[in-house]
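See below for the structure under consideration.
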Amino acid sequence: MAARPTSSGDRETPPLGNPPNVLWVFVDDISPWLPSYGDDTIETEHISGLAERGTRFERLYSTAPVCTPSRSAVVTGMYQTTIGAHNHYSSFETWRGIEMERWAPNHLGVRTIPEIFKSGGYYTFNEGKNHYDFVDPDHLLYDRHGEAHSFQGATDGSEWSGRDPDQPFFGQVQLPGGKSSVREEIDRVDPADVQVPPYYPDHPIIREEIAHHYDTLQETDRRLGEILDGLERDGLAEETIVWFFADHGMTLPRHKQFCYQGGIHVPGVVAGPGVPNGEDYPGLVSGIDIPATTLALAGFDVPDHMHGENAFSPDFNREYVIAARDRCDYTIDRIRAVVTEEYSYLRNFMTDRPYLQPQFRDGREYLEVLRDLHEAGELNEVQSQFVSDQRPAEELYHLPSDPHETENLVHATDRDHREALAELRTILHRWIVETDDKGRFPESEDGLRAALTRWEDEAVDPLYDEVR
């Protein structure tokens, strides 16, 4: 199969001289509850060390609070909503052994980041899942795609050991992050020592889940250490740009699959040749800026079709970031979020559905305890909002005074809040039109049929009835 075309005007000039290697350590389901982000609950030697010798992005935001749309955006440098990759687990012909009789293939018309690096003579690899919501011919993207969701030691052809001598590499090592099995030697966090956000009840099950997330962060740090040791062992540490970032936030309700800060604010650190040393970047950065910045650091021009920008460019200054949530698994929804320096604005397009409509977390202890406490009248107003059947069309939060997003200011009379609301509404409207947000259209019948084939009786949304 021929390589995918690029948009007209794209410039994909290979770097000259001795180009750096590039490694993305791409992590599942973690929030920035880390010492380098001001949280001293645990120690993370390797993440902190990477930040100290590189640049830490204080406000990095995923474009989606769930994996496949987020990953599709990062690997293309484009909003998933523009390229038709916004519905979670879409464009999959085979899924966990299930063959789709009918499905909705999404063929990209632009090159991905691995393809651009391959065009410049790089060896490319991906160790672990890709999970992109587009038709993914692996041979175009990667010289090697390993199935294991972890670092394989860069031996016997895994990771960078499969390249030709002196050939630069672009690689992705996928780590399970918040889904990690935690080794016994990890010093477990005591649930009594964690902070419970005000939108959750202070309940032992919630504390246990938060403490477990800290444990998975420690396990993730250990695994990052193995990767960095491998680069040192092979004499590659000084010539490799290493990124560490996540696809979205941790798994608790109101985090994963939702566009609040807990779902889209993620850690992001980069170190290596050309990266400012020991810097903290305080401004807004989007996940789609990671690929653009990566290309620029490696000496490539950033293609014109990309929405992302080089975060190290002197004129880089994001005034806002956008996040989008559409169908997740079998749960049909549509949420858009705009985050600025001071405000977070959310637009809920499907107010006929509660936040906690049928979803993948059903039956898990931490979700059921929320529902039980709500039914018993034991949650306060803030904690009840997310569990109730009522859902506002718009939400506005002033982040400096309300970082947990608990006081909806949509009906506030304060002049500054009213002006911010009007501006954010306009930003979102323009973004939807200018980027061709495909989430404003219903999913195709074949797309719905494929989702129904995967989840069968769990797919209870009325929209499935037309294809059931």
Extreme residue, surrounded by the most Cβ atoms within 10 Å (Cβ to Cβ), among residues of region 92-118 that are modelled with pLDDT of 95 or more and of a type in the set (S, T, N, Q): THR112
Among the candidates GLY283, GLY274, residue that is part of a loop (DSSP other than H, G, I, E, B), surrounded by fewer than 18 Cβ atoms within 10 Å (Cβ to Cβ), not polar (S, T, N, Q) and not assigned by TED's automatic domain parsing to the domain that holds LEU346: GLY274
Flag if GLY439 is within 15 Å of ILE335 (Cβ to Cβ), in contact with a Ser or Thr (Cβ under 7 Å, 6 or more places away or on another chain) and assigned by TED's automatic domain parsing to the domain that holds GLU381: yes
Residue among THR216, THR251, THR240 that alone is farther than 17 Å from VAL74 by Cα, touching a Leu at 6+ places or on another chain (Cβ under 8 Å) and at pLDDT 95 or above: THR240
Which listed residue, of GLU407, GLU368, GLU419, GLU378, is assigned to a helix (DSSP H, G or I), over 24 Å from CYS328 (Cα atoms), not assigned by TED's automatic domain parsing to the domain that holds HIS255 and not aliphatic (A, V, I, L, M): GLU419
Flag for ASP289 being in contact (Cβ under 8 Å) with a residue 24 or more places away in the chain, crowded, with 22+ Cβ neighbours inside 10 Å and of a type in the set (Asp, Glu): yes
Selection status of GLN167, part of a loop (DSSP other than H, G, I, E, B) and in contact with a Phe, Trp or Tyr (Cβ under 6 Å, 6 or more places away or on another chain): yes
Any chance LEU452 is crowded, with 16+ Cβ neighbours inside 10 Å, of a type in the set (A, V, I, L, M), in contact with a helix residue (DSSP H, G or I) (Cβ under 6 Å, 6 or more places away or on another chain) and not assigned by TED's automatic domain parsing to the domain that holds THR94: yes
Check on GLY262, within 12 Å of the chain's Cα centre (by Cα) and either in contact (Cβ under 8 Å) with a residue 40 or more places away in the chain or part of a loop (DSSP other than H, G, I, E, B) (or both): yes
Answer residue from region 333-368, given it is in contact with a Phe, Trp or Tyr (Cβ under 8 Å, 6 or more places away or on another chain) and β-branched (Val, Ile, Thr) and is farthest from THR68 (Cα to Cα) among those: THR340
Failed criterion for PRO354 (all others in (1) in contact with an Asp or Glu (Cβ under 6 Å, 6 or more places away or on another chain); (2) more than 20 Å from ARG327 (Cα to Cα) hold): (2)
Residue within region 390-401 that is of a type in the set (Ser, Thr, Tyr) and buried (at least 16 other Cβ atoms within 10 Å of the Cβ) present: yes
One residue from PHE312, PHE360 being of a type in the set (A, V, I, L, M, F, W, C), in contact with a Gly (Cβ under 9 Å, 6 or more places away or on another chain) and either at pLDDT below 95 or outside any helix (DSSP H, G or I) (or both): PHE312
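The values are calculated or read from the model by the stated rules, or taken from the named source; none is laboratory data. Quantities reported herein were computed from a predicted structural model and do not represent experimental measurements. Cβ sites come from the backbone with ideal geometry, for glycine too, and all protein chains shown count toward neighbours.
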